[in-house]
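Let me begin by presenting the structure, written as structure tokens, before commenting on it.
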Amino acid sequence: MPTVQDAAVRRSRTPAGLEGLPRPGRCLVMGVLNVTPDSFSDGGLYEDRRAAIDRGLELAAQGADIVDVGGESTRPGARPVGLGEELARTVPVVRELARAGVCVSVDTMHASVARAAVEAGASLVNDVSGGLADPAMASTVAAAGVPYVAMHWRAPSREMDRHADYRDVVAEVGAELGRRLWELTERGVDPARIVLDPGLGFAKRPEHDWTLLAGLGSLRELGCPLLVGASRKRFIGAALAAGGAGEVPPGGRDMATAAVSALAAVAGAFCVRVHDVPSTLDAVRMASAYLDHCDRDADPVRAGCGPHP
Ligand code: PMM
């Protein structure tokens with residue numbers, strides 16, 4: 001079995017290849033557009049196709065670098081939808097947004113949805129299963145030649161909470177992502193097109209999410225750009241509640257999400273995925289200004305900071 005380092009070395013020899021994505025010179029902001037009835041924070045809001053397209057255009061106008069269109073909820077306990085339903089929810093929305101000049105990604109675990117979305121104009125495939133849910137995903141992404149987000153995943157949503165068991169969460173998530181990176185490249189995916197994601201909230205308890213955020217520097221050693229999806233998740237609500245504010249519902253977590261986005265950007269995240277774009281865009285701009293003034297040579301703690309080129 002190849003080591004994580006082998007995969008990282010292989011990738012670092014390959015020129016940067018995230019063509020098709022904007023390069024604003026800071027951490028990218030991906031706006032979430034869930035065309036679903038049951039996502040945990042925006043489920044049901046954009047089920048109607050016109051409402052979904054309008055929301056995608058609004059996210060882009062607010063400054064989202066990428067709009068991430070998903071047609072299947074991944075909330076804990078969520079039931080899968082049929083492929084036909086997922087295609088019908090996502091592809092027309094992807095097509096309209098791409099036609100309007102928006103950089104679109106498709107949030108799917110299914111190769112056939114990824115293929116159809118890329119044909120409709122998607123520039124990126126975002127797969128929360130990192131290729132584990134559908135064996136055809138790797139070859140599909142390899143053939144499509146678009147950037148691919150491989151998230152850390154252990155099990156389908158309906159059973160993932162049972163898999164939130166780690167002795168050293170950063171080491172284990174790093175090793176499992178390294179294996180994904182190796183297997184995806186073995187199956188033909190250009191390693192220069194792979195973005196890795198620690199999968200906050202997916203088979204993780206709040207303490208795992210915080211430890212992973214604090215350990216982003218170690219995950220960068222895999223040699224891939226990192227995407228962080230913290231937006232409105234339970235670990236944020238739990239931290240707010242710990243301050244005495246009581247249980248804060250998902251819609252009240254956007255300022256805290258922006259703070260976490262800034263932390264992720266300073267730790268070197270390539271992209272953050274969020275529901276509320278304006279607050280996080282301001283936050284990553286502040287992170288970028290801060291990083292411009294970091295003396296990385298003088299401060300070894302910050303030596304790993306900064307956005308990916
Ligand atoms: N989280 C959700 C959905 N898709 N994609 C990536 N790459 N990373 C994530 O953390 C992630 C994701 C769940 O959140 P939602 O239901 O609000 O979209």
Does region 233-253 contain any residue that is within 21 Å of M160 (Cα to Cα) and part of a loop (DSSP other than H, G, I, E, B)?
yes
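Quick grid of which residues meet (1) surrounded by fewer than 21 Cβ atoms within 10 Å (Cβ to Cβ); (2) at pLDDT below 95; (3) part of a helix (DSSP H, G or I):
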| site | (1), (2), (3) |
| --- | --- |
| M255 | yes, no, yes |
| S261 | no, no, yes |
| A265 | no, no, yes |
| R273 | no, no, no |
| A283 | no, no, yes |
| A287 | no, no, yes |
| D297 | yes, yes, no |
| G304 | yes, yes, no |
| H308 | yes, yes, no |
Could you please tell me which pairs satisfy a Cβ distance under 7 Å, a separation of 6+ or placement on different chains, a first residue in region 43-72 that is farther than 22 Å from D282 by Cα, and a second residue that is of a type in the set (K, R) and within 16 Å of the ligand (Cβ to nearest atom)?
Y46/R55; G71/R89
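Against the definition (modelled with pLDDT of 95 or more and of a type in the set (V, I, T)), how does V169 come out, yes or no? Show your work before the answer.
Working: modelled with pLDDT of 95 or more: yes; of a type in the set (V, I, T): yes.
So V169 passes the test.
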Would you call E19 surrounded by fewer than 23 Cβ atoms within 10 Å (Cβ to Cβ), of a type in the set (D, E, K, R) and on the phi < 0 side of the Ramachandran plot?
yes
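Please find, among G44, G63, G56, G31, the residue that is within 13 Å of the ligand (Cβ to nearest atom), modelled with pLDDT of 95 or more and not aliphatic (A, V, I, L, M).
Details: G44 fails: modelled with pLDDT of 95 or more; G63 fails: within 13 Å of the ligand (Cβ to nearest atom); G56 fails: within 13 Å of the ligand (Cβ to nearest atom).
Of the residues listed, the single one that is within 13 Å of the ligand (Cβ to nearest atom), modelled with pLDDT of 95 or more and not aliphatic (A, V, I, L, M) is G31.
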In this structure, does G199 turn out to be under 30 Å from V146 (Cα atoms) and within 11 Å of the ligand (Cβ to nearest atom)?
yes
Some residue of region 150-169 being within 17 Å of the chain's Cα centre (by Cα), buried (at least 23 other Cβ atoms within 10 Å of the Cβ) and polar (S, T, N, Q)
no
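The values are calculated or read from the model by the stated rules, or taken from the named source; none is laboratory data. Because the structure is predicted, anything quoted here is derived from the model rather than measured. Note that each Cβ is placed from the backbone with ideal geometry, even for glycine, and that neighbours are counted across all protein chains shown.
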